[in-house]
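Q: Have a look at the structure that comes next, please.
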Amino acid sequence: MLLEIHNLAVEVEGKQVLKNVNLSIAEGETHVLLGPNGAGKSTLFMTILGFPKYHVTNGSIIFKGKDITNLSTAERVKLGMGVSFQNPPAIRGISVENLLKYESGQNEEDELNPRMKSLADKLKFNDDFLKRDVNLGFSGGEVKRSEVLQLLAQRPDFTMFDEPDSGVDIENVELIAEELNVILDKQKKISERKRAGLLITHLGYILNFVKADKAHILMNGEIACSGNPDEILNDVRENGFKGCVNCAQCTQ
Ligand code: ADP
Ligand code: MG
């Protein structure tokens, strides 16, 4: 297993948001996390990344066989974690280009390496755009594409995507999905696939282009149901989250 979460309970600003989360993701797998607004999906991501506001009151997080529950965010990132945020902050004074250089281990004085340059082109960012401050005045779609570009620079072994398709038009969802597939090693044969991920999606449209191995529904601070992504998504569309987690399979 690449990531194992055991009986995780989390408090944010004095409020219990997660109470008993169990989740395991193996190398090469992509899992989807679904759930109503406010269920705690983003909280789970922030906790896996170790943001200080998110207090683990019970349970543990194991990454690459190591207990990381008490490690700093920087240490977790060094171990190979990455994230594309739902609402990342703007960073005044730091250009997209310089951030990409930092993330791909380049010096600021050097030209952006050709690999990153061509990936930026692919994600429709021209030279002028790369000179802009990170996320400052970006449109919803530009923010999401910029998050994906940064992940392509970092090449994490485990990546969390928090609603990479929200606020993005259909054409750009396909573009983002293509790069998610690169980040998740989908171009490789299953037996050779190493990189893994966890994807939060609100509408599920992106799953037409990114194939997931397993889906989970987070409700009331717990994983209420897990299973085949297509079946779960259909059930949610027909019966809503409540109806889905009350199905025979989940209440057995
Ligand atoms: P989701 O991503 O599933 O929509 P969130 O994890 O963002 O849900 O939020 C879950 C609950 O935790 C919400 O009630 C939200 O208000 C609360 N919460 C999350 N982060 C914070 C925070 N930094 N400060 C206060 N409350 C928070
Ligand atoms: Mg969220």
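The values are calculated or read from the model by the stated rules, or taken from the named source; none is laboratory data. Here the structure is a predicted model, which is why all the values come from computation and not from measurement. A quick note on method: Cβ atoms are made from the backbone with ideal geometry, for glycine too, and the neighbour counts reach across all protein chains shown. Only protein heavy atoms, including side chains, enter the accessible area calculation; ligands, DNA and RNA are left aside. Shrake-Rupley method; radii C 1.70, N 1.55, O 1.52, S 1.80 Å.
Q: Taking the condition exposed (fewer than 15 other Cβ atoms within 10 Å of the Cβ) and either more than 16 Å from ligand 1 (Cβ to nearest atom) or of a type outside the set (Gly, Ala, Ser) (or both), does Asp127 pass?
A: It is true that Asp127 is exposed (fewer than 15 other Cβ atoms within 10 Å of the Cβ) and either more than 16 Å from ligand 1 (Cβ to nearest atom) or of a type outside the set (Gly, Ala, Ser) (or both).
Q: What's the number of the only condition in (1) within 16 Å of ligand 2 (Cβ to nearest atom); (2) in contact (Cβ under 8 Å) with a residue 40 or more places away in the chain; (3) small (Gly, Ala, Ser) that Ala196 fails to meet?
A: (1)
Q: Restricting to the stretch 157-186, name every residue that is open to solvent by less than 10 Å² (accessible area, probe 1.4 Å) and assigned to a loop (DSSP other than H, G, I, E, B).
A: Within the stretch 157-186, Pro164, Leu184, Asp185 qualify.
Condition check ((1) more than 8 Å from ligand 1 (Cβ to nearest atom); (2) aliphatic (A, V, I, L, M); (3) open to solvent by 20 Å² or more (accessible area, probe 1.4 Å); (4) outside any strand (DSSP E or B)) across all residues:
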{"site": "Leu8", "(1), (2), (3), (4)": "yes, yes, no, no"}
{"site": "Gln16", "(1), (2), (3), (4)": "yes, no, yes, no"}
{"site": "Asn20", "(1), (2), (3), (4)": "yes, no, yes, no"}
{"site": "Val32", "(1), (2), (3), (4)": "yes, yes, no, no"}
{"site": "Ser42", "(1), (2), (3), (4)": "no, no, yes, yes"}
{"site": "Ile48", "(1), (2), (3), (4)": "yes, yes, no, yes"}
{"site": "Pro52", "(1), (2), (3), (4)": "yes, no, yes, yes"}
{"site": "Gly59", "(1), (2), (3), (4)": "yes, no, yes, no"}
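Q: Still on this structure, I have one more. Could you check, for the stretch 67-80, whether at least one of its residues is surrounded by 18 or more Cβ atoms within 10 Å (Cβ to Cβ) and within 30 Å of Gly227 (Cα to Cα)?
A: Taking every residue of the stretch 67-80 in turn, at least one turns out to be surrounded by 18 or more Cβ atoms within 10 Å (Cβ to Cβ) and within 30 Å of Gly227 (Cα to Cα).
Q: Write out, first by first residue and then by second, each pair whose Cβ atoms fall under 7 Å of each other, whose residues are 6+ apart or on separate chains, and whose first residue, in the stretch 30-52, is at positive phi while the second is open to solvent by 10 Å² or more (accessible area, probe 1.4 Å) and of a type outside the set (Lys, Arg).
A: Gly35/Met219; Gly35/Phe241; Gly40/Val17; Gly50/Leu71; Gly50/Ser72; Gly50/Thr73
Q: To continue, here is another question. Confirm whether Asn37 is within 16 Å of ligand 1 (Cβ to nearest atom) and out of contact with any Cys (no Cβ under 8 Å at 6 or more places or on another chain). So that I can check it myself, show each step before the final result.
A: On the way: within 16 Å of ligand 1 (Cβ to nearest atom): yes; out of contact with any Cys (no Cβ under 8 Å at 6 or more places or on another chain): yes.
So Asn37 fits the description; yes.
Q: Suppose the filter is more than 16 Å from ligand 1 (Cβ to nearest atom) and over 18 Å from Ile183 (Cβ atoms); does Ile91 pass it?
A: Against the criterion (more than 16 Å from ligand 1 (Cβ to nearest atom) and over 18 Å from Ile183 (Cβ atoms)), Ile91 qualifies.
Q: Restricting to the stretch 130-142, give me the number of residues that are open to solvent by 20 Å² or more (accessible area, probe 1.4 Å) and either aromatic (Phe, Trp, Tyr) or under 20 Å from Glu103 (Cβ atoms) (or both).
A: Looking only at that region, the number is 6.
Q: Something else about it: Checking Gly240 against (1) outside any helix (DSSP H, G or I); (2) open to solvent by less than 40 Å² (accessible area, probe 1.4 Å), which test does it fail?
A: Failed condition: (1).
Q: Could you please give the count of residues in the stretch 181-210 that are away from ligand 1 (no atom under 16 Å from the Cβ) and closer than 20 Å to Met46 by Cβ?
A: Final tally of qualifying residues: 3.
Q: Does Lys41 count as away from ligand 2 (no atom under 14 Å from the Cβ) and of a type in the set (Lys, Arg)?
A: no
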